[in-house]
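Worksheet: one structure, shown below.
Where a number appears in this text, it was derived from the coordinates with a stated rule and is not lab data. Because the structure is predicted, anything quoted here is derived from the model rather than measured. For neighbour counting, all protein chains shown are included, and Cβ atoms are generated from backbone atoms with ideal geometry for every residue, glycine included.
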Amino acid sequence: MKYFSVMFHAFCYIFVHLISIFTLNPLWLSTNMIVFASGNNTDHLALLKFKESISSDPYGVLLSWNSSTHFCKWDGITCNSMQKRVTKLDLKKGYKLKGFIPPHLGNLSYMRILYLDNNFLYGNIPQELGQLSQLQELSVGNNSLVGEIPTNLTGCTNLKFLYLCGNNLIGRIPIEISYLHKLQSLNVAVNKLTGGIPSFLGNLSALHLLSVGMNNLEGEVPHELCHLKDLVKIFVAVNNLIGTFPSCFYNISSLTVISATGNQFNGSLPPNMFHTLPNLQQFYIALNQVSGSIPPSITNASILSLLEISANQFTGQVPALEKLQDLYYLGLSHNNLGDNSTNDLKFFKSLTNCSSLQMLDIFDNNFGGQLPNSLANLSTALNQLYLGANMISGDIPTSMGNLIGLTELAMEFNRFSGIIPSGFGKFQKMQKLVLSGNQLSGHIGDFVGNLSQLFFLDMRRNMLEGNIPSSIGNCQKLQHLGLSQNNFTGTIPLEIFNISSLTNLLKLSGNSLSGSIPKEVGKLKNVDYLDVSENQLSGHIPETIGECITLEYLYLQGNSLQGSIPSSLASLKGLQRLDLSRNNLSGSIPTDLQNISFLEYFNVSFNMLDGEVPTGGVFQNATGFVVNGNDNLCGGISKLHLPPCLFKGKKPAKHLKFRLITVAVSVVVFLLILSIILTIHWMRRRNNKPSLDSTTIDQLAKVSYQSLHNGTDGFSATNLIGSGNFSSVYKGTLEFEDKVVAIKVLNLQKEGSHKSFIAECNTLKSIKHRNLVKILTCCSSTDYKGQEFKALIFEYMKNGSLEQWLHPRTLGLEQLPRLLNLGQRLNIIIDVASAVHYLHHECEQSIVHCDLKPSNVLLDDNMTARVSDFGIARILSTINGIGKQTSTIEFKGTIGYAPPEYGMGSEVSMNGDMYSFGILLLEMFTGRRPTEEIFKNGQNLHKFVENSLLGNVLQILDPTLVLNHEGATIEKENSQNLTAVDEKYLVSVFKIGLACSMESPKERMHIMEVTKELNKIRKAWCGGIDRESRMVSDRADAINVV
């Protein structure tokens, strides 16, 4: 009994003690049992809500998220071992989840890492994520999230990595970010953020990475960011930032990457920057306005692996880089480096130590001299080499074939001469080879067939000759083939048409190719652009051309093609431009061509077509359909001014046969009578009057003196539209043609005029260019007084000459033309430059114009400039690049426009034309003739511009181009207020004029550079140079823009 009593008391004591634990100390329950259960449930529910928010799960990554397993075992989930709470949610592996981020994720209170990158998430970033006080890494980059950056993230006090890049976030970077004092990496690049880079980011002292690139940020980079002494990488690329890039950044020795590409930074780089940045590995500052020289301290930047400074205004020489042994990318393009000297490329030798070099780009600079042989010793790892748009001359080194790792080689628009080395056949990895716009000669060797990986080959605008090698058919990956404007002969190799990959372009125009267009052309089923114009092709256009079903541009003009226009062309439903002009095509125009809905331009002029012209589709556009020079066409829309068709509708066969017989008999009788009359008339005229017969020159059409006399009202003064030393020009019409023409009558009383006529006819017959006035026919006969008569007939330009537009008042015109605005003047001078370039470098024999001046620049209906009066030009035989005269006509231009050396007995030259071009340019933009009274006593137009240019460009600019506030009679739409940008480009234009009109012929600018620079100015002026797109597309793998 006693034992039982003791045990009972002991049990009661233990029971009471346990009761007291559970009743008096509920903390145990709440923190262990209750929290354990409720915490697990909260995480579980939050994850289920996330799963509900996902509408598409193509890889089934969330299939494991079900009740059969604990959520800690679900894909992408990591839990801690003790409490079984979610600490990591990782779905960044490209699962392509589509949906939104639910606010319930803010309940995962133990979460430290949240990765949702590279999906298709949309909507806002929930403010509730700010409740995750233990969160250290938040990454939701590369989605489609919108809205502003959440301000509640200040609750994430332990946050170290914040990646929001690659979304559509808007607004400013919130100041609340500055409270995240543990933040080490901040990446908000590739969004739509606005405002400036906030200075408070300088308070994030732990920051190692700052990336705000590819937004719409503006203003200057705040100097407060230089407080980030542990900063390793900074990316501010592709924004609208201005000013100088803060020099204090160059003192942050921890920096390894600086990316500032694609802004508006100016100023220069500190000479010692690479000394104070000993750890710098990558430096991007392309697409800005940085000037000055490349810092000389770069010679010691031994760990620099990437330098991208393209598209700036750097000048001077490139320092030696032999210590940069880790350099793999060197981008120097689109600057003003070099000075066209023999020392410009000395730095190539230092690059032979850069054993890792993969990409070298010096495109569009002022590098001159010859390629050094050391180029062949560059790294065999080099795969991209861009040398184009410089002034490099001489032969291409034969040892260049040692660069066997090359996949892209661009050498276009330089002055390379000689042959293409056979060593190029070693480029078995070559994918893109561009040699256009040089002076290369000789044959293309069969080695081209070894380039089996080639997809882009461009050798246009050289002096290559011989046959196009059939081995080119081995290039079965070729998509783009440009061989135009060379001297190729022979037939088009059939092997070209077996290149099924040829989808982009096949351009063989401007050569001397003969034979027919093979029927195999139909194998090019995917080609977009086909141009075999301006050759000597004959035969029929093959019906199989209709099998090139993706063709958009087809140019066959300027050949000797015959037969009918194939009806199969109507199968080319995507065709946009079709030019069949200047051939010998006959028959009617296929009516089905009017069903090609995309066709916007169709030229069949100067053929022998007949029949009715359709009226639908392109045929209802008088500007898009060109038909002149076909005498037997009828019908069409009224604007074509064609005669009506005589027969419409069907007649009974019996009546039709009877009428045909009647017509045939009548024609025979008429021709018999007419021949008798003409014979009698000719015999009488032969005995009593001078001959009126015209003679054709080679294949030019025939016109008589009587026709020209009648068409000009007896060469009346009212039809006189111009006169010069060697000719007078009349406006007139040709018999049997309702067409206004310009008739240039040569003054045969002046010495040399006969030779002038012969030279002009024999050269102009083959000149075909959009910026040259086209010769239509000629006349060599005697007039009514028995005197010799010679004339040339040209297209008439109703907008008159450039002189009439520049100086209407001084010419005493009754009706003043509209004044030319800046854009029109720029277009006109570019047109003239294009014409001069063609005459100098693209004709079979180079032609010197000798008399460039405003009266010899005519304007067509579209205000396109056409250069005229080059019949007195010398024809030069281009031998080894040295022009030699073949004409003895002693005419050397007009006072004021002729270069000074002509007055000292020098022969005419291309350099002389460049002087005249420069004076013409200066006259166009100053409005002053070079012969004005003020240009005396050593003063001239060149010096007038040179002395005033740096002061105020408005002082020398044509007053009609500046908005006159005092009521001058200037048409409002053509006058304009000039901005600072306008003045900047005007200065560039004037500098070109000055460079062309230098007194020394050797110092004058080359027409190739003139054309390039003027086009660059026009692009920048009229729409902005799309440099970002080029840099991003061509260098996307190398430039880190974020």
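Per residue and in cubic angstrom, what volume does the convex hull of the Cα atoms of region 415-527 have?
Spelled out: Cα convex hull of region 415-527, divided by residues, is 79 Å³.
For a quick protection proxy, order the peptides 59-67, 96-104 by their average other-Cβ count within 10 Å, most packed first. Each step should come with its number before you reach the end.
Values: 59-67: 13.2, 96-104: 18.6.
Per-residue mean Cβ counts within 10 Å order the peptides as 96-104, 59-67.
Would you please give the FRET efficiency between GLN428 and GLU465, computed as 1/(1 + (r/R0)^6) with r the Cβ-Cβ distance and R0 = 22 Å, to the nearest 0.05?
The calculated FRET efficiency here is 0.25.
Using R₀ = 30 Å, calculate the FRET efficiency as 1/(1 + (r/R₀)^6) where r is the Cβ-Cβ separation of ASN1015 and THR615; round to 0.05.
0.20
Could you work out how much longer the chain between GLU735 and ARG172 gets when fully extended? Use 0.36 nm per residue separation minus the Cα distance between them, nm to one decimal.
195.2 nm
For region 194-316, just the Cα set please: Rg and Dmax, both in angstrom.
So, for region 194-316, Rg and Dmax equal 13.4, 40 Å respectively.
List the relative contact order of region 399-505 as a percent without decimals, with contacts defined as Cα pairs under 8 Å and 6+ residues apart.
Relative contact order for region 399-505 comes out at 22 percent.
Can you list the trypsin sites (Lys or Arg not before Pro) in region 490-525 that are in a DSSP coil and have 14 or fewer other beta carbons within 10 angstrom? Numbers along the way, then the final one.
Numbers: sites: LYS507, LYS519, LYS523, LYS525; in loops: LYS525.
Counting only loop positions with at most 14 other Cβ atoms within 10 Å, the trypsin sites (Lys or Arg not before Pro) in region 490-525 are LYS525.
Determine the equivalent ellipsoid of region 565-616 by diagonalising the alpha-carbon gyration tensor, then write out the semi-axes as square roots of 5 times the eigenvalues, largest first, rounded to whole Å.
After scaling each eigenvalue by five and taking roots: 18, 12, 10 Å.
For region 472-553, what is Rg from Cα atoms divided by 2.2 N^0.38 Å, rounded to two decimals? Show your work: numbers first, answer last.
Details: Rg = 11.6 Å, N = 82, 2.2 N^0.38 = 11.7 Å.
It is 0.99.
What's the ranking of 478-490, 166-178 by average number of surrounding C-beta atoms within 10 Å, highest first?
Most protected by this proxy first, the peptides run 478-490, 166-178.
With the crude spin-label approximation of a point 7 Å out along Cα→Cβ, what separation in nm comes out for ASN719 versus GLU983?
5.2 nm
Can you work out ³J(HN,Hα) from phi for every residue in region 614-625, in order, using Karplus 6.51 cos²θ - 1.76 cosθ + 1.60 and θ = phi - 60°, giving whole Hz and x for Gly and Pro?
After applying 6.51 cos²θ - 1.76 cosθ + 1.60, I find x, 10, x, x, 5, 6, 8, 10, 5, 8, x, 10 Hz.
Label points 7 Å out from Cα along the Cβ direction at GLN325 and ASN747: separation in nm?
7.7 nm
Taking 0.36 nm per residue of sequence separation and subtracting the Cα-Cα distance, how much length would be gained by fully extending the chain between THR276 and THR157, in nm to one decimal?
39.4 nm
Report Rg (one decimal) and Dmax (nearest whole number) for region 97-190, counting Cα atoms only, units Å.
11.9, 33
Multiplying the sequence separation of CYS634 and ASP861 by 0.36 nm and subtracting their Cα-Cα distance, what value in nm do you get? Don't skip to the answer; put the middle values down first.
Values: separation 227, 0.36 × 227 = 81.72 nm, distance 2.41 nm.
Length gained between CYS634 and ASP861: 79.3 nm.
Taking 7 Å along the Cα-to-C-beta vector as the label spot, tell me the SER55-SER356 distance in nanometres, rounded to one decimal.
It works out to 4.7 nm between the two label points.
Spelling out what I want: for every residue of region 258-263, take phi, set θ = phi - 60°, compute 6.51 cos²θ - 1.76 cosθ + 1.60 (Karplus), and round to whole Hz; glycine and proline get x.
10, 10, 10, 4, x, 10
Give the separation of the Cα centroids, region 184-218 to region 439-496, in Å.
Value for the Cα centre distance between the two parts: 51 Å.
Note down the magnitude of the dipole of region 114-225 about its Cα centre, charges +1 on Lys and Arg C-beta and -1 on Asp and Glu C-beta and zero elsewhere, to the nearest 20 debye.
It comes to approximately 100 debye.
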